[in-house]
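Working notes for the structure below.
Please treat every number below as a calculation from the coordinates, not as lab data. Treat the numbers as computed from the prediction; the structure is a model and nothing was measured. Here the Cβ positions follow ideal geometry from the backbone for every residue, glycine too, while neighbour counts run over all protein chains shown.
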DNA sequence: GTACGGCGTTCGTATATACGAACAAAAACG
DNA sequence: CGTTTTTGTTCGTATATACGAACGCCGTAC
C-alpha cells in the first residue's frame, strides 16, 4: 500500500466528515473556512454531494446538513449480514437476563467501533450507539481488545501525552493502563469505572476465534446498580455470552469481514 | 439549485455505491469495467478511499469491500438525535404489545427510507433494515405516504412501465395503485399483501404534524398470523402508536431534519 | 438613506488531474 | 511448462479542474 492521496477525493471525504461533526449545520463559507479551501473550489463538490443526497441544503437556514445517502450506503456495511443478526440475538438474550446493556464491537486503529448494542429497558442515554467510536483505553471492552498486545506495543501505541480524557475518570498514564491490561491478560476481564461515560461501570472481555481476537463485548451497568454480588453474576453472564458468540462466529467465519488490522 | 455535476465527486460516490451493492467484493478492474472508467484514473481515488477506510482492500482475495467509515459517518445521520430514541421506544412498546414488527420511515424521492425498526421476537429475516430503501408503492406505509398526493400527481410520478416488481405480488398498474390510495385517503389505512416481502402482510398509516405528512409507520405480520379479528386489534394499535408518535414529534419538531421534499 | 458585512454564484486562466499505453507479477489456462 | 489472462502499478502529456477576483443579493449597521 503506497502512500498516495488524491486531493479531490480527500476533499470530498473531508466535507462529508466535517458536516457529520456539526449536526447544527454549516454554510458553504463555514466549510471553506474550516477546511481552508476556497469557496469557488468547494462549490461544485458540494453541489454534487447535495444532488446525490450526501448533503442536504436547508434553504431557510442557509446551511448544509448531512444527507441520507451516507446513512443508506453506510448501513450496507452491517445490514444483510446474517451473522450480525445472530450476534444481536445473543446479546439481546443476555440483556434480558441481566436488564443491563451489552455492547459488541471491534478494534479500529486505536479506537473501538461499536457494531451492535442490546439495550431494551435502559432509560440512560449512552454515548455508544452503533457506528460510534471511542478511544480503546477508555472503555471496558476496549481494554479487553488491547490486552492482545504486549506492554511494549502498548507503550509504542501511546507516546507520552496521547491519552486524551473522555471523562474525569479516564486513565491518564500508560503505566496505569498497562497494569490494568495485565489483569485482563490474567483474568480475562477488563474493568472500567466511568471512564467513557459518567456513572457507568463496564466489564468487558474478548471474543476469540481460532486464536485470534476478533471482537469484544462489554456489559454496561449504572454505578448504583453495580454491587459486588451482582458482579459475580455479570462475570458469569459474560462468560456464557462469550462462549455463545465464539461458537456462532466460528460457524460463519466466512462472513467475518471486520478484520481491519491496524498493524500490517 | 442549478444543474451541475462534478465528475470526480460523482466518481467517488459511484465507487462507494458500487462497492456497497456488491457485498462479495470487487477488484479494481471490476470497478473499472462496471463504471466505464480507466483503471489508471480510478487508482488514486480508490487508494485514497482505502486510506480513509471508506473502502477496505482484502489482500488475500484481491478485492475491495466496503470500509467502516461510511458506517461510522452515516450513523451520525440518526445517532445523537434524542427524538429518534423516543420514537424507537414508542415503536418498541407497540411491538411488545403485538408481538409483530413495526417500522418507521420517511419518503425519499419515490422510495421509502427506513429509519427505525422495532422487532424483538421475530425470527423472520425481513428485507427492511434501517437504512434500506424500497419503492414506495410496494410497501404498506409507502402507500400511506403516497396518499398525500393527488391521482394526477401519482400518475405523473409513475409513467407507464415504471412500476418495477419487488415480489410476484407487487402492484403492476398505476390505476390499481391509485384505487388503493383512494382507500387510504378515506380510511387512513394502507394495506400491503406480500408486495415487498413474500408471506408478509402490512398495515400502514401516516404520521402527520401541523398538517404535514412527515413520516409513516407500518405493522408487518406474517400471513399465517394475520386474521380478520387480529386486524381490528392491529388497526387500533396503529391508531394509538400514531397518536403517541405525532405528539412526541410535535414536541421536538426542531429536531426533525428529515424533510427532504422531492418536489421543490 | 448609504455602507458594510454576510451569503452563494460566475468566469478565465494557471494548475493539477485523467487517460492510454506499457509495466511487472501472479494466477489460470492448455 | 510455456502461454494467456488476470491483477495492480507507473509514466508523460492532453485535458478538465481549481483558484482569485468580481459579481449580485440580502440583511444589518450606522
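Key figures for this structure:
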{"quantity": "Folded to 0 to 90 degrees: helix A:7-21 orientation relative to chain A principal axis, Cα", "calculated": "60 degrees"}
{"quantity": "10 Å binning of all Cα-Cα separations within region A:128-200, expressed as whole percents from 0 upward", "calculated": "21, 56, 23, 0"}
{"quantity": "FRET E, pair residue A:41, residue A:133, Förster distance 30 Å, beta-carbon r, rounded to 0.05", "calculated": "0.55"}
{"quantity": "Folded to 0 to 90 degrees: helix A:39-51 orientation relative to chain A principal axis, Cα", "calculated": "70 degrees"}
{"quantity": "Residue among A:102, A:163, A:146 with the largest mean-square fluctuation in a Gaussian network model of chain A, springs linking Cα atoms under 10 Å", "calculated": "A:163"}
{"quantity": "Theoretical gain in end-to-end length, residue B:182 to residue B:18 [0.36 nm per residue, Cα-Cα removed]", "calculated": "55.2 nm"}
{"quantity": "Per-selection Rg to Rh, chain A - Cα, Kirkwood hydrodynamic radius", "calculated": "1.01"}
{"quantity": "For residue B:243, inter-copy label distances in nm, listed shortest first [label point 7 Å out on the Cα-Cβ vector]", "calculated": "4.9"}
{"quantity": "Calculated on alpha-carbon atoms, Rg and Dmax of the protein assembly as shown in Å", "calculated": "24.0, 72"}
{"quantity": "Helix-only [θ]222 nm of the protein assembly as shown, DSSP H runs n ≥ 4, -39500 (n - 2.57) each, per residue, nearest 500", "calculated": "-13500 deg cm²/dmol"}
{"quantity": "Within region A:93-112, backbone nitrogen closer than 18 Å to the virtual label 7 Å beyond the Cα of residue A:169 toward Cβ", "calculated": "A:100-103"}
{"quantity": "Helix B:228-251 vs. chain B, principal-axis angle (Cα, 0 to 90°, nearest 10)", "calculated": "70 degrees"}
{"quantity": "Per-copy distances of the residue A:228 label point, shortest first, in nm (7 angstrom along Cα→Cβ)", "calculated": "6.5"}
{"quantity": "Two-site FRET efficiency, residue B:229 against residue B:254, from Cβ-Cβ distance with R₀ of 60 Å, rounded to 0.05", "calculated": "0.90"}
{"quantity": "Nearest residue to the symmetry axis between A and B, taken on chain A by its Cβ, in whole Å", "calculated": "A:74, 1"}
{"quantity": "Exposure proxy order (Cβ contacts within 10 Å, fewest to most) of A:50, B:94", "calculated": "A:50, B:94"}
{"quantity": "Kirkwood estimate for region B:7-72, i.e. one over the average of 1/r between Cα atoms, Å", "calculated": "11.5 Å"}
{"quantity": "Pseudo-label separations to other copies for residue B:85 - Cα-to-Cβ vector, 7 Å, nm", "calculated": "2.8"}
{"quantity": "Footprinting exposure proxy for B:158, B:114 (fewest neighbouring C-beta atoms within 10 Å first)", "calculated": "B:158, B:114"}
{"quantity": "Three principal axis lengths of region A:163-264 [C-alpha, angstrom, descending]", "calculated": "41, 35, 23"}
{"quantity": "Inter-chain shielding of A:46-54 (mean C-beta neighbours from other protein chains, 10 Å cut-off)", "calculated": "6"}
{"quantity": "Extent along principal axes [Cα atoms of region B:97-239; Å; largest to smallest]", "calculated": "40, 36, 30"}
{"quantity": "Spin-label model distance (nm) - residue A:210 vs residue A:198, 7 Å beyond Cα toward Cβ", "calculated": "4.5 nm"}
